[in-house]
Every structure is written in structure tokens, then in C-alpha cells.
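The values are calculated or read from the model by the stated rules, or taken from the named source; none is laboratory data. Keep in mind that what you see is a predicted model, and the values were worked out from it rather than measured. Glycine also receives a Cβ, built like all others from the backbone with ideal geometry; neighbour counts cover every protein chain displayed. All accessible areas refer to the heavy atoms of the entire protein, side chains included, with ligands and DNA or RNA removed. Shrake-Rupley method; radii C 1.70, N 1.55, O 1.52, S 1.80 Å.
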Amino acid sequence: MPSSSLADDVRSLLSAFEVDPATLQGGSRLVRSPIDGSTLAEIAETSSKAAEHAIGQAHDAFLAWRRLPAPQRGEFVRLIGEELRAHKSELGRLVTLEVGKIVSEGLGEVQEMIDICDFAVGLSRQLYGLVIPSERPDHKMTEQWHPMGVVGVISAFNFPVAVWSWNAALALVCGNSVVWKPSEKTPLTALAVQALVARAARKFGGVPEGLTTVLVGGREIGEQLVDDRRVAVVSATGSTRMGRVVGERVARRFGRSILELGGNNASIVTPSADLDLTLRAVAFAAMGTAGQRCTTLRRLIVHESVYETLVPKLARVARTISVGSPVAGDSLVGPLVDGDALAAMQAALSKARAAGGTVHGGERVDVNGERSFYARPAVVEMPQQVGPVVEETFAPILYILKYRQIEEAIALQNGVPQGLSSSIFGNDLREIELFLSAQGSDCGIANVNMGPSGAEIGGAFGGEKETGGGRESGSDAWKAYMRRQTNAINYGRTLPLAQGVTFNV
Ligand code: UN1
């Protein structure tokens, strides 16, 4: 049995969730805390046979669940939201222990889950179709939405529970079942959520067995989910490399995928920007969550007239911001997830130097010894948008570029393969509206006077190009979890054909 103070903490949190302590020991998968590298649990992986069974059960559960009226399905999601409200602090702490997020961000992640449950409850009475005027007499056309089936959710370590909830809350009210493969780095938070869902299910009564399940494992179990024809929708969050594999494999069997992949998000700082606000917004967006959000700000495109005022201040923030353990003190930047993340960060910084970049900060910080990987955020002044600047490195590196004309800034902003999020700082209506226009940002998200990260659940979340094109969460993202059916109904006694075709037999 793993023994460390963090492991003890995890055990007592999980017992509050009624997770059987036996599941935390003796398995082949070690779960480590990025906070100090200590082992939190040794958990067993789901076998391929068990996964096969779980997917079959989820399919049967869907067949029953789809018959329940949507507002009743919403009631189940409401109960899940209640459990999350009641256990927000415990689940938030577990996120902190398993991922290394600072406390307020761990709590924020659970709040995001609560918000999407609330949203989905309302949605359960608003899965509206259309009535479409027919061109034929005594005819009516309608469009309605039906559930898809089993929804597979593959989530990443950095939002170990919120991303599941964006998908699951919508999928469930839409009448689907959900099979979740969390990141192999974060199975504990997934087991805790699963326990809360089980508690909500007991209160609800009559939830079909296997309506929501968790598969613990790595790539192989993920591929099994992706290739199973009974899984109608695969929603995957992670790297572009992973998404390319998932997208192609799901397409090969004509399944539907929702892809939320890499981002390389930029902000433009125009001459009219409020620089105090900009500095704070940039610090949160680039350094918060230790640079490990899909929406993290990675490129700052600064007008030459404000460059000398803003950039030295940003470099100072990078050199002085508190880096440290998220459970001790009040640090703003916690650890990177593992040694590979630190190595990738250092490799990107070397490449940036080789390409003529000037690096401020970015060095490893010893907080809890050799087995944990903390780094000071880096601010890197680049002569050009080349090399590592056009790649996503999942670490706190902010590349700075200088511009003269707004069109040039927008071209730089769009000049990368990814298209998730973006923002502009300024008070000049023309520049802002240009940025938001069809000639402006090519991203799924474009903000004004704030950074690109920290989206609310009410909007559709996702992006273009190598980000994968999927949309999750708010607006009408629910439609991705349903199939559209067009109905033409003849309530007359004749048979007029569309387009005036005659066919008399
Ligand atoms: C992610 O990093 O995968 O907009 C999601 C944000 C969060 C979600 C990030 N609400 O930063």
C-alpha cells in the first residue's frame, strides 16, 4: 500500500466518496502526484474483456435510457449536480492532489462541472426541433432530434473531470449512455466522479446498469473504445497527434467524432490597450495552470509602440511569480505533470534560443525534490514566428512577437496550424471589430480585453484546423450528441410529388 502523506489524504478523500480502498492497491498502474512525485495508488487496469462487457452494457443501458422523457433524464443530471455541489471541496482537493492544480483552480474545475449540469438540466426541456414549411399542399415537414447511442469520452490529464462533465451532462440528457476513458495519469478523480454518479443514481432510482462507466487504462483500451462500432460518438480531448488517430479510425467505421485537440493561442496587444489589465490577463492566461490548459496563452503579439512598456513587466512577472506546491503556501504556479513535460519545455526553450530568442525565466525550480517537476514560467522574445513558436508545448512558455500593422498581427495570430482560442487587447473599435470579423481570428474562440483561457460553459467550446473542429459544452453543442431526423408528413388524400414531378401509374 502506497504510503505518503498525500496518499493518506487521497485515501481519506476517496473513502468519503465511498470508493473501495481495495481498488487503490495492488494494481499495475501507479498513480503519482505531480506535487512531490509520491505514489498515490496502484490501481488495476480494465481488461479488454471487461471493457468489451462495459461497452455492451452501456449499449443496453442506452436502449432503456432513450425511452425515458428528456426532462426526467435532466432530473438525473440535476442530482449529479447536487452531489458535485455537496462534494465540491473534496473533489477539488483531489484534482489538486492528482494533477497539481492550485486550490482555486481545482475548485474552479468542479464549479465548471456544476455549471454544465445546471445548463444540461435546462436543456433537457429545450431539445427543440423545427417545423419547416412544405412546398406541397396538405404537407408538413419537421425536424427532430434523437439520441445517438453510446458516447465514448477520452479525456486528458489537465482537466481530469470537467471535460467528462461537458460531454456526459449533455450526452445523458440527450438520451445516450457514456463510457469514459480518463487519462492514465488521472484515474482517481474519475473513480471519485463515478462514485458520485452512482450516488445520484441511487437517489434517482431506475438508472439502467452501466449507463455511465469508467475504463482505466492506456492507449490500448482507448483504441478499443474508438474501434467499437457500438460506440456511436467518440469525444476526444488531447494532443493533435492522438486526435488524428482517433478521427481517422472513427471515420473509417463512419462513427462520429468530436475532437478538441491542441491549441497555440495568441493575443494581440494593440496601441490602445489598457496595459495594467493586459498584464494581469496575460499573466493568468500564460502562467496559470502552469501553462497546461488547451487554452493557455502561448503567443503574445505586441504593437511596437507598447512593447517596451509591457514586455519588461511581463518578464519581471515570470521571474517573480510564486512557483510552488499547491498544497503549501499560496503559490500561483504549481508543478508540471511529469518529467517528460519538463523535458519538452526545456527542449522548446533551447530551440527558441537557437532561433534567436531571448529567454526570461523558464528554469527548473526545486520545490519537492527530484521526483517532482516545477518550472518558472518563461517569457521568450522572438525575432520571428518560427520553430517552437508554431508548435504546442504543454508548459508555461509565452513567446513574444512585435508587430506594426494590425493586419500583420492578425496574419501572425492565424499563422499556426492550430485554431482553438485567441484574444485582442484594445479600445479601438475598428481594430477590435476587424479581429472579430471574417478577416480576423480564425479560431473557435475570440475574446476581447481578456486572455484566451478560462472560458465559461455557456458558449460552445472548441476550435478549427488542427484543433479538430469539435464543439462541446454550451450553445447548441448538444446537437453533436443527437441524430437529426427530417420528417415529411402528408395529411391529405392525394400524393403531390416534390419539385412538381408527375408519376401516374
Ligand atoms: C482544456 O484545457 O482542455 O477555457 C479545457 C478554459 C477551461 C477549459 C480548458 N474552461 O480554459
Net charge within 12 Å of Arg78 by Cβ-Cβ distance, Lys/Arg positive one each and Asp/Glu negative one each, not counting Arg78 itself? 0
Determine the equivalent ellipsoid of the range 151-241 by diagonalising the alpha-carbon gyration tensor, then write out the semi-axes as square roots of 5 times the eigenvalues, largest first, rounded to whole Å. 21, 15, 12
Which of Val317, Pro388, Ile258 sits farthest toward the positive end of the charge dipole of the chain, with +1 on the Cβ of Lys and Arg and -1 on the Cβ of Asp and Glu? Ile258
Can you give the extra length, in nm with one decimal, that the chain gains between Val131 and Glu248 once fully stretched, where that is 0.36 nm per residue apart less the Cα-Cα distance? 38.6 nm
Which of the trypsin sites (Lys or Arg not before Pro) found in the range 1-77 are loop residues per DSSP with 12 or fewer other Cβ atoms within 10 Å of their Cβ? Arg67
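How do Phe62, Phe394, Phe503 stack up against each other in accessible area, from largest to smallest, with a 1.4 angstrom probe?
I get Phe503, Phe394, Phe62, largest accessible area first.
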Counting only protein heavy atoms and using a 1.4 Å probe, what share of the accessible area of the range 57-110 belongs to carbon plus sulfur, as a whole percent? 51
Work out, in µm²/s and without decimals, the Stokes-Einstein translational diffusion coefficient of the chain at 25 °C, 0.890 mPa s, Rh from Kirkwood over C-alpha pairs. 102
Given a cut-off of under 8 Å on Cα pairs at least six residues apart, what relative contact order in percent is computed for the range 413-469? 45
Would you kindly find the accessible area of Trp180, with a 1.4 Å probe and non-protein molecules such as ligands, DNA and RNA excluded, rounding to the nearest 10 Å²? 0
Using a 1.4 angstrom probe and counting only protein chains, how large is the accessible area of Ser89 in Å², to 10? 70
Using a 1.4 angstrom probe with every protein chain in place, what is the largest-first accessible-area order of Thr237, Thr486? Thr486, Thr237
Would you mind getting the accessible area per residue of the chain, heavy atoms of the protein chains only, 1.4 Å probe, in Å²? 41
Note down the accessible area of Ser350, probe 1.4 Å, to the nearest 10 Å². 60
Sequence-separation-based contact order of the chain, relative, with Cα cut under 8 Å and 6+ spacing, percent: 17
Around Asp338, under 9 Å between beta carbons, what's the net of Lys plus Arg minus Asp minus Glu among the other residues? +1
